[in-house]
Amino acid sequence: MKKSSIFILLFLPSFIFAQLREINGNVSDSENRPLPYINIFTADNKFQIFSDADGNFTISLPKNYTQLY
């Protein structure tokens, strides 16, 4: 019992993180100028992040999320 509990505790976090994917992007206007500090989020608002001063962002999402706003 103790060995199986240790196994679950050691490998469960890596299983959870393995289900995520990292998305990188850049937010810019119609003239390709970066837009700083823009809120990027999923449709259900469960995940969100702000772009940096150069409009860049990186967000980790579960594989079933397909759209950002």
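Nothing in this text is a laboratory measurement; each read-out follows from the coordinates by a stated rule. Every value quoted in this text rests on a predicted model; they were computed, and no experiment measured them. Glycine also receives a Cβ, built like all others from the backbone with ideal geometry; neighbour counts cover every protein chain displayed.
Side notes on the structure shown:
- Summarising the amide proton neighbourhood of ILE38: residues at separation of 5 or more, or on other chains, whose placed amide H is nearer than 5 Å comprise SER51.
- In the range 16-59, taking the dipole from charged Cβ atoms about the Cα centre, the farthest positive-side position among GLN48, PRO36, ASN26 is held by GLN48.
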